[in-house]
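Visitor: My questions all concern the structure below.
Throughout, read-outs are computed from the coordinates displayed, never taken from laboratory work. This is a predicted model, so every value here is computed, not measured. Neighbour counts run over all protein chains shown; Cβ positions are idealised from the backbone, glycine included.
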Amino acid sequence: MSPALPTTAAFVREHLRAPLTLALLIAIPVFFVLIFASVLGDFAGALGGTLARRSATAISAGWAAAFLAGTLAFFQVTSARGADRRLALAGVGATSVAAARIAAALTLGLLVSAIAYLTLWLRSGIEHPLHAAVAIASFAAIYIGIGALTGALVRTPLEGSLLVVLVFAVDVFSGPQMTSNGLLGYTPTRHAAELLVAAGGGQTSPSADWLGVGAVAAGALGCALLAFWLAARRRS
């Protein structure tokens with residue numbers, strides 16, 4: 001059996017064994033979908049955007065998955081750098097440790113995406129279920145990359161977590177239909193947000209949005225894998 005498999009399971013259990021973490025995995029998606037959606041609609045109106053309430057409810061599920069997945073990925077890098085290096089030196093290897101970390105991050109990301117998806121479905125229903133599920137999971141994948149890369153570059157937890165929140169805030173309030181200002185026309189989750197806005201409005205999406213979200217998500221996961229590998233590799 002590959003050493004990455006039991007290591008992945010151990011990394012997932014490391015996060016889920018804390019009762020507070022489990023509570024937040026449920027509470028944050030509920031907060032985003034039930035409360036944050038109305039805030040998004042109000043801000044969109046103030047910024048000159050055209051985000052409809054139903055679309056705001058849909059996109060808030062994506063932001064819940066992004067926020068949780070990015071935060072968990074960031075703390076996977078910052079809190080376990082020493083342990084990962086010891087695992088690598090013990091014979092697991094930096095590549096296997098990085099593979100286990102990215103697998104654990106994806107598992108947690110899919111878990112929070114499922115919770116956000118279920119909350120959205122219970123709140124307002126979903127006209128395009130598969131469409132919305134892929135979009136929400138894409139939010140999580142993209143922010144796994146952002147969180148892990150931030151953790152690799154910023155070693156202090158406070159500054160790093162604030163940077164993740166800053167990127168998240170800019171991403172949210174410059175997203176599609178949020179503002180009439182075109183200066184921030186592209187953000188990491190732009191295509192994923194377009195998919196969710198369309199799903200919330202009961203519309204289909206052009207193939208360019210699907211290709212765009214696939215490319216950005218793949219690039220983000222590649223950055224995350226590199227960040228986990230750099231965190232686990234032996235110091236020269």
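Visitor: Stretched out fully, how many nm does the piece from Leu22 to Ala218 gain, at 0.36 nm a residue minus the Cα gap?
Guide: Here the answer is 67.8 nm.
Visitor: Compare the peptides 14-24, 128-138, 68-78 by average per-residue count of other Cβ atoms within 10 angstrom and give them in order, highest first.
Guide: Ranking the peptides 14-24, 128-138, 68-78 by packing returns 68-78, 128-138, 14-24.
Visitor: For Tyr186 and Thr107 in one chain, what is 0.36 nm times their gap in residues minus the Cα-Cα distance, to one decimal in nm?
Guide: Stretched fully, the Tyr186-Thr107 segment lengthens by 25.7 nm.
Visitor: Cut-off is 10 Å between beta-carbons; in what order do Glu159, Glu194 appear when sorted fewest neighbours first?
Guide: So the residues, fewest neighbours to most, are Glu159, Glu194.
Visitor: Report the full-extension gain for the segment Leu34 to Arg86: residue separation times 0.36 nm, less the Cα-Cα distance, to one decimal in nm.
Guide: This chain segment gains 14.4 nm when fully extended.
Visitor: Could you list Asp209, Asp171 in order of exposure, starting from the residue whose Cβ has the fewest other Cβ atoms within 10 Å?
Guide: Ordered by Cβ neighbours within 10 Å, fewest first: Asp209, Asp171.
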